[in-house]
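Read the structure below first, then the notes.
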Amino acid sequence: MKYHKLVENAVKPTGFWGKLMIRSMNKGHHALTDWALGYADIAIGCRALDVGCGGGRTVQKLCDAVGSGKVYGIDYSPLCVEKASKLNHKNILCGKADIRQASVSALPFDSDSFDLVTAVETYYFWPDKLGDLKEILRVLRSGGRLVLVFEMLEDKTNPNKWKPVEQKLGIKAVSEEGVKEMLLRAGYQNIRTHIREENGWLCATAEKE
Ligand SMILES: C[S@@+](CC[C@H](N)C(=O)[O-])C[C@H]1O[C@@H](n2cnc3c(N)ncnc32)[C@H](O)[C@@H]1O
C-alpha cells in the first residue's frame, strides 16, 4: 500500500505521499544525476534549465557548477515547485536560480536562450515525447546541449524488469536505440549515449546545430 502510494506520486507529486516521493527522489537520483552531469560539459557562466525538476536537487547541483551563470527549473507539479524553491531558496534570493510551474510542452522561455537543458527521470511521463523534445530544442541555443537521464532502461536479459512500474504508471522503459531515434527525429545533432553497466543507467546527450 505504502509502496504503491509512493510510486504513483512519481508522475505528478501531490499531498503527503508526494512530499515523501520528492524526498525519496532527491536522495535516490543523487548518484544517477552526478554520473550523468559528467556528460553535460557545464561551462562557467552558462544558462541552464532542468526540466521536470522535482524536488530541485539537480537545480542545486547545477547552481554549484555554473559559477556566475543562472539555473532555471520547471515542473508541472505545484508541490515540486514549492519544494524545489525551498531547497534552492538562497540561490533564488541572490538571483542565481529561478523555479517555475510549467509543462515541458510549453516552456515559458525565449527561443535560443539556454546553453544546457537537463531532464532526469522525467521523459517517460511527457505527453508528446517528439513534440516535447522539439520544444526543448527551441529554447536551446545553437551548440547548446540536452542531457536526458534514465534509470528505466530496457534490459534484454530481463524483459520483465520494469513491468510492475510500467503497468502501475502507464509508462514504458526506454531503449538506447529508441531514445537516439527520437532525438534524431526531433532535429538534434551529435547524439551520443552512455550506459553505466553496473546500474543499467542511460545518459543521452544531443546538441542543437
Ligand atoms: C520521477 S520525477 C523526477 C524528478 C527529478 N528530475 C529527479 O530526478 O529527482 C518526475 C518529475 O517530472 C515531472 N513531470 C512529469 N511530466 C511533466 C511534464 N509534462 N512537464 C513538467 N514536468 C513533468 C513530475 O512532476 C516529477 O517531478
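Values as computed for the structure displayed
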read-out: Vicinal HN-Hα couplings computed from phi for the stretch 88-98 (Karplus, 6.51 cos²θ - 1.76 cosθ + 1.60; Hz; Gly/Pro x); value: 10, 4, 5, 5, 5, 4, 8, x, 8, 10, 8
read-out: Most to least packed among 22-28, 53-59, 165-171, 79-85 [average Cβ atoms within 10 Å]; value: 53-59, 79-85, 22-28, 165-171
read-out: Residue exposure sequence - T33, T157 - by fewest surrounding Cβ within 10 Å; value: T157, T33
read-out: Residue-averaged 222 nm ellipticity for the chain, from DSSP H runs of 4+ at -39500 (n - 2.57), nearest 500; value: -11000 deg cm²/dmol
read-out: Antiparallel DSSP beta bridges within the chain, percent to nearest 5; value: 40
read-out: Packing-based exposure ordering (other Cβ within 10 Å, fewest first) of R192, R100; value: R192, R100
read-out: Kyte-Doolittle mean at least 0.0, axial Cα span of 15 Å or more - DSSP H helices of the chain; value: 129-139
read-out: Cross-link pairs beyond the 28 Å C-alpha cut-off, checked among K156/K208; K19/K96; K27/K208; K12/K134; K5/K86; K129/K208; value: K156/K208; K27/K208
read-out: Extension gain (nm, one decimal) between K12 and T157, 0.36 nm per residue minus Cα-Cα; value: 49.1 nm
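Rule-based calculations on the coordinates, nothing more; no lab input. A quick note: this is a predicted structure, and the numbers were derived from the prediction, not measured. Every residue, glycine among them, receives a Cβ derived from its backbone with ideal geometry; neighbour counts consider all protein chains shown.
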